[in-house]
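See below for the structure under consideration.
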Amino acid sequence: MASRQRVDASRLAAYDVLKAVRVDDAYANLALPHVIAEHGLSGRDAAFTTELVSGTIRWQGTYDAIIDACLTKPRLEAKVRDALRLGVHQLLAMRVPDHAAISSSVELIRARVGVGPAGLTNAVLRKVSGHDLDGWIRRVAPDPSTDPVGFASVAHSHPRWVVEAFTEALGGADELAALLAADNAAPRVTLVARPGQAEVAELLAAGGEPGRLSPYAVTLVGGDPSAIPAVADGRAGIQDEGSQLVALTLAQADVVGRDARWLDVCAGPGGKAALLAALAAERGALVLANERQHHRARLVVRGVRASSAGLLGVVTGDGTRPPWREESFDRVLVDAPCSGLGALRRRPESRWRRTPADLDDLVPLQRRLLTRAIDAVRPGGVVVYATCSPVLAETSGVVDAVLAEREDAQLEAVRQLWPHRDGTDAMFIATIRRTHLGS
Ligand SMILES: C[S@@+](CC[C@H](N)C(=O)[O-])C[C@H]1O[C@@H](n2cnc3c(N)ncnc32)[C@H](O)[C@@H]1O
């Protein structure tokens, strides 16, 4: 048995976040700051907890295969599994000495679950410490020559159906390992300097590097973004470059004639609406930001607080039964509700929560939203349809199905961004032009 030591607050906090994710469907990135504050952690301890939680959730699929291989009985209580996963992450992916990872996990089990599973925890983690991560993957993953999807699923900790959907979206398996690996690396924080409100130089001075795709992007090397004055007062924001490109694609598409009224159909929580309103203000146009959920519409109001010059208003409404008149906008964005499987770098738990059945609800909604968005734009205007998912059913599947039913709209451009190629979330961006009937 491992020697007794007191379990530290940073591991208790990590366990509590995993529990909140499992039991309350919490998002780890939202639960973390609360739990870290509750335990009074800061600095290195807070960073330790953050890495322990994020890494454990990302690698959960791989770790479960390893844990299962070390069990003599197949059943394991969920709370014991949570503690074991944390222990495995410390053993295989963090620079924690084996004895500390094992004994602190045993103490964590005693503190949060009880003495019963302490022996099992000790035995499993001792076995796990016998090999490194690559050694375990060789032992527990299927043979890649006979089951490449199964191998990728275990080796890169993604559900099998997600591996299949990504392979299809990539058009083959050549880049699959690079994509799955990119999903497992924590992204750096990217900021947006909203034009007319903040200067890129201001953010660079705070210790950032220029973005690669958006002229308004600055990637932070470290530090707390909310401590930067431009971020604190809403002139700049935290926004992935892929999301910036969605707004830029809408703003930069050619529109002949009137260019005064823009619509963001699915605006909550408001990151793209804020950039759109800043871009609109530069040319005297106005953005109407719509969101179905009232509490998310309130987040939009807060998010666009520095962009009022380009804002027509924020409304709560259902984009499938819109309150606005047809053909009344010049540019329309549909940033559709989607599976979110393109943002796994920052939402590590989504891969385990989502199921193929989610698409049965999402795809019909996405089609209705896009159809109504095309109705809302005037002939000659543009609609951008975007998802933070590369899954074909939600991306070109939706666009193709909607356009097949319309003679008054045509596809102009499609862009699929990828974490491993572009360093962004896997955003899908389709530009559609409303034409005159039959033209
Ligand atoms: C991907 S998020 C939008 C993100 C947002 N554009 C941003 O940049 O912050 C999709 C949003 O669509 C909203 N939504 C879902 N169904 C809707 C509907 N029928 N009409 C309008 N909004 C809807 C969701 O509540 C969610 O806030």
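The values are calculated or read from the model by the stated rules, or taken from the named source; none is laboratory data. It should be emphasised that the depicted structure is a prediction, and the values quoted were computed from it without experimental measurement. Don't worry about glycine lacking a Cβ; one is built from the backbone with ideal geometry, like all the others, and counts go over all protein chains shown. The protein model used for the area step is the full one, side chains on, heavy atoms only, and it has no ligands, DNA or RNA in it. Shrake-Rupley method; radii C 1.70, N 1.55, O 1.52, S 1.80 Å.
Over region 299-381, the Kirkwood radius and the radius of gyration, each from Cα atoms, give a ratio Rg/Rh of 1.04.
Here the alpha carbons of region 126-231 define both size measures, Rg and Dmax, at 20.0, 59 Å. Maximal additional length on extending the Ser328-Arg421 stretch stands at 29.7 nm, based on 0.36 nm per residue less the C-alpha distance. For the chain, the share of accessible area belonging to carbon and sulfur comes to 51 percent (1.4 Å probe, ligands and nucleic acids excluded). A straight chain from Val256 to Arg406 at 0.36 nm per residue would run longer than the Cα-Cα distance by 51.9 nm.
Rounded to the nearest Hz, the phi-derived 3J(HN,Hα) couplings of region 333-345 under the Karplus curve 6.51 cos²θ - 1.76 cosθ + 1.60 (θ = phi - 60°) are 10, 10, 9, 6, x, 8, 5, x, 6, x, 10, 5, 4, where x marks glycine and proline. In region 38-68, which chymotrypsin sites (Phe, Trp or Tyr not before Pro) fall in coil by DSSP and have 11 or fewer other Cβ atoms within 10 Å? Qualifying residues, ordered by number: none.
Charge tally for Arg298 (other residues, Cβ to Cβ under 12 Å; Lys, Arg +1; Asp, Glu -1): +2. Here Lys127 is the anchor, and the lysines within straight C-alpha reach of less than 16 Å, apart from those fewer than 8 places off in the same chain, are Lys73. Counting only alpha carbon atoms, the long axis of helix 78-93 and the longest principal axis of the chain meet at about 90°. Per-residue ellipticity at 222 nm computed for the chain from its helices equals -14500 deg cm²/dmol, with DSSP H segments shorter than 4 residues left out and the rest contributing -39,500 (n - 2.57). Length, then width, then depth: along the principal axes, the Cα atoms of region 39-175 run 48, 38, 24 Å. For the chain, the longest principal axis of the alpha carbon atoms and the long axis of helix 28-38 meet at an angle near 60°. Taking trypsin sites (Lys or Arg not before Pro) across region 88-163, the ones in a DSSP loop with at most 16 further Cβ atoms lying within 10 angstrom of their Cβ are Arg95.
Remark: the chain is approximated by an ellipsoid whose semi-axes, taken from the C-alpha gyration tensor as √(5λ), come to 43, 25, 18 Å, largest first. When you filter the GluC sites (Glu not before Pro) in region 338-439 for DSSP loop state and at most 15 other Cβ atoms inside 10 Å of their Cβ, you are left with Glu405, Glu407.
Relative to the longest principal axis of the Cα atoms of the chain, the long axis of helix 241-252 makes an angle of roughly 10 degrees. Averaged over its residues, the chain has an accessible area of 43 Å² per residue, based on protein heavy atoms and a 1.4 Å probe.
Converting the Cα gyration tensor eigenvalues of region 240-434 into ellipsoid dimensions via √(5λ) gives semi-axes, longest first, of 24, 19, 16 Å. The distance separating the Cα centre of region 1-78 from that of region 140-207 comes to 22 Å. Panel note: the C-alpha atoms of region 140-187, placed on their principal axes, show extents of 31, 24, 17 Å (largest first).
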